[in-house]
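As structure tokens, the structure follows; a few thoughts come after it.
Please treat every number below as a calculation from the coordinates, not as lab data. Everything numeric in this text was worked out from a predicted model, so none of it was measured. No Cβ is skipped: glycine too gets one built from the backbone with ideal geometry, and neighbour counts run over all protein chains shown.
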Amino acid sequence: MSTHSFLIALGTGAALIAFWFAVRFPERAPENLQRLLIHVAIVMAAGWLFAVVLPVLIYTFLAGAWVLQMVHETFSRFKK
């Protein structure tokens, strides 16, 4: 397996695990924008370390999923 293929598989796997977690445990998502931004800041800081790639990627995609959930909830309130 080439390095390129491995990195694609690693990123895809991390994204799938993160989005599964976001769907399976919606109650674990941050309850407000401030806490969400704290998670995003942690991800940005941890992303520079590259010490443990898979957990960092999973956490990055999980924070992204939480952003999408919060945006969806915010816009769905305006429909009603």
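See the values below:
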{"read-out": "Label-point separation in nm, LEU10 to ILE42, each point 7 Å along Cα→Cβ", "value": "2.2 nm"}
{"read-out": "Cα-centre dipole for segment 3-79 with unit charges at Cβ (Lys and Arg positive, Asp and Glu negative), debye to 20", "value": "120 debye"}
{"read-out": "Spacing of the two label points (7 Å from each Cα toward its C-beta) at GLN34 and THR74, in nm", "value": "1.6 nm"}
